[in-house]
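What follows draws every value from the coordinates through simple rules; no lab data is involved. Please read all numbers here as calculations on a predicted model, not as lab measurements. We place every Cβ from the backbone using ideal geometry, glycine too, and count neighbours over all the protein chains shown.
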Amino acid sequence: MEAKNVIDVEKFVLAGNDLLTGKFLDLNKKLDKFLSVMTKSEDVMDFLSECLENFDEEAEFSKAFSIDKKTGVANIVLPNTDKKKVALFVTVLNNIINEKINENQFLETYFHNKKTTPIQGFLTQIVKPFKDIIAKHFNVPVHITTDDVVKHIETERILNQTEEIKEEKEEFPFLNELFAEISNNCERILAVLKFEKKRTDVLDDVEFVVNSIIKACEKKDLMVVNGLVIGLNYVSKKFKSTKAMVEELNNLIYDYYDFLSDESQQ
């Protein structure tokens, strides 16, 4: 199944891998962190809800974890389908986190053997298959690494950025051409201002605004360009030499919005 947000699923699988390889004494705290990552994935939570539908938690838990009355041997019998397994694992994790069962007693009873510690046994038999089933369901590699997730985040960022640029071009066609025209006009204004005989504060203000317009064009921020051109109309009033070029800046913007208006009506 394709996840709506595969990166959140990958983060969950990565958190599961970290949990399986980490060294710790307090299982509850580690599980709390793991489950916190899980709940941030809408895809995973939707899948868990699907698995838990019509699942009898108490009956299935008792069926899966039992003690042989004759021998006293603890038995673990997992359900035969992935969805029921996931539902059971959720029930187990919920019981531990919410202290519905005695964590230490539960682990010592069902996950104690000579080869591994109870915590290691629990991680291997409960957390690992839980993580692996969800990874398989969403086609995420079970051994995904931090580098893999970082690369996918960067790839998604670039894709989103490309999509935003595409949408902007569709909403504002020929915008690059407009910015180029405005920048050229501003460069001409700056060239003319160099021939002003007196260096005044007002002249400095005009040059500052014009340079700011050029920078806004470089950043392709039309709203900022609009605001700066409006300001330029006021600060440049004393300079007759730039009047025609400032009017040209206004006309470029007015004409562009007229063009967009005509496009939207077609």
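Take the Cα of GLU53, step 7 Å toward its Cβ, do the same at ALA180, and the gap between the two points is 5.6 nm.
Summing Cβ point charges (Lys, Arg +1; Asp, Glu -1) relative to the Cα centre of region 95-162 gives a dipole of roughly 240 debye.
What the Cβ-Cβ distance of ASP255 and LYS4 gives, at R0 = 41 Å and to the nearest 0.05, is a FRET efficiency of 0.45.
The aspartates and glutamates within cross-link reach of LYS83, meaning a Cα-to-Cα straight distance under 14 Å and a gap of 8 or more places when in the same chain, are ASP46, GLU50, GLU53, ASP56, GLU57, GLU60, ASP132.
Shape class for region 21-84, computed from the alpha carbon gyration tensor (a ≥ b ≥ c): oblate, with a/c not under 1.5 and a/b at or below b/c.
If you take all C-alpha pairs in region 172-265, what percent of them are over 19 Å apart?
Numbers: 1620 of 4371 pairs.
Percentage above 19 Å: 37.
Applying 1/(1 + (r/R0)^6) with r as the Cβ-Cβ distance of ILE230 and ILE158 and R0 = 45 angstrom yields a FRET efficiency of 0.85. Given LYS11/LYS151; LYS29/LYS63; LYS197/LYS240; LYS11/LYS136; LYS29/LYS85; LYS33/LYS128, which pairs have Cα atoms separated by over 18 Å? In this structure, LYS29/LYS63; LYS29/LYS85 exceed 18 Å between Cα atoms. Distance from the Cα centre of region 88-112 to that of region 31-76, in angstrom? If you average the Cα positions of each part, the centres end up 9 Å apart.
Kindly provide the helix-only [θ] at 222 nm of the chain, computed as the sum of -39,500 (n - 2.57) over DSSP H runs of four or more divided by all residues, to the nearest 500 deg cm²/dmol? Present the calculation step by step, with values, prior to reporting the outcome.
Details: 13 runs with 187 residues, N = 266.
The per-residue figure over the chain is -23000 deg cm²/dmol.
Treat every Asp and Glu Cβ in the chain as -1 and every Lys and Arg Cβ as +1, leave all other atoms uncharged, and give the resulting dipole magnitude about the Cα centre to the nearest 20 debye. Please report the intermediate quantities before stating the final value.
On the way: 35 positive and 47 negative charges, 268 e Å.
For this selection, approximately 1280 debye.
What residue among ILE101, SER41, LEU228 has its Cα farthest toward the positive end of the dipole of the chain, where the charges are +1 on Lys, Arg and -1 on Asp, Glu, each on the Cβ? Projecting each Cα onto the dipole axis, the largest value belongs to ILE101. As a rough footprinting exposure proxy, the listed residues ILE158, ILE253 were ranked by other beta carbons within 10 Å of their own, and the order from fewest upward is ILE158, ILE253.
Classify region 6-119 as rounded, prolate or oblate from the Cα gyration tensor: take a ≥ b ≥ c as the square roots of its eigenvalues, call it rounded if a/c is under 1.5, otherwise prolate when a/b beats b/c and oblate if not. Oblate is the answer for region 6-119, as a/c is 1.5 or above yet b/c matches or exceeds a/b.
Using a/c under 1.5 as the rounded threshold, could you call the chain rounded, prolate or oblate? The axes a ≥ b ≥ c are square roots of the C-alpha gyration tensor eigenvalues, and prolate needs a/b larger than b/c, oblate otherwise. Prolate, since a/c reaches 1.5 and a/b exceeds b/c.
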